[in-house]
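The structure under discussion appears below in the form of structure tokens.
The values are calculated or read from the model by the stated rules, or taken from the named source; none is laboratory data. Predicted model, so just to flag it, every value in this text is computed and none were measured. For neighbour counting, all protein chains shown are included, and Cβ atoms are generated from backbone atoms with ideal geometry for every residue, glycine included.
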Amino acid sequence: MKETFSRFEINPAAGMLPSSFTSPDSFTTDDKTEVNHFYYSTDDESILTGVWECAPCKEVYDAYPAHEMMTILSGSVTLTSTDDGRSETFTAGDTFFVAKGTRCTWEITETLRKFYFIAA
């Protein structure tokens, strides 16, 4: 049985495992570090929460793959709309939402650590 209530302890040293959400070709420096820790997922993985950290990279999304709300814990990411060219940079303490299907460029300019909530 899954817990009804959970407190998320964000401990950088505990539970972070290598992940591969980012294409190896997308990294923009020699550092290709990417780690993740899932805190919760539904059985069908339509809902996911966790902490993700990734070295600088740049990816273009023709359609963002899920609805995602995130809070930046450290680092920096710039999102640029493919449709209108609007660009916004998010840093530690910022919380924002990207809707599924959004056409954008996602560029991590400084190793990023974020808490995320994803709904497919």
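Which residue pairs have Cβ atoms under 9 Å apart, sit 6 or more places apart or on different chains, and have a first residue in segment 62-77 that is on the phi < 0 side of the Ramachandran plot and surrounded by 15 or more Cβ atoms within 10 Å (Cβ to Cβ) and a second that is part of a strand (DSSP E or B) and among the basic types (Lys, Arg)?
Met70/Lys114; Thr71/Lys114; Ile72/Arg113; Ile72/Lys114; Leu73/Arg113; Leu73/Lys114; Val77/Lys114
Might you let me know whether segment 40-57 holds any residue that is in contact with a helix residue (DSSP H, G or I) (Cβ under 6 Å, 6 or more places away or on another chain), modelled with pLDDT of 95 or more and outside any loop (DSSP other than H, G, I, E, B)?
Checked segment 40-57: at least one residue is in contact with a helix residue (DSSP H, G or I) (Cβ under 6 Å, 6 or more places away or on another chain), modelled with pLDDT of 95 or more and outside any loop (DSSP other than H, G, I, E, B).
Would you mind stating whether Leu48 is aliphatic (A, V, I, L, M), surrounded by 18 or more Cβ atoms within 10 Å (Cβ to Cβ) and closer than 20 Å to Ser20 by Cβ?
yes
So in segment 78-110, with the set limited to residues that are touching a residue at least 40 places away in the same chain (Cβ under 8 Å) and buried (at least 17 other Cβ atoms within 10 Å of the Cβ), which one is nearest to Asn36 (Cα to Cα)?
Here the answer is Ile108.
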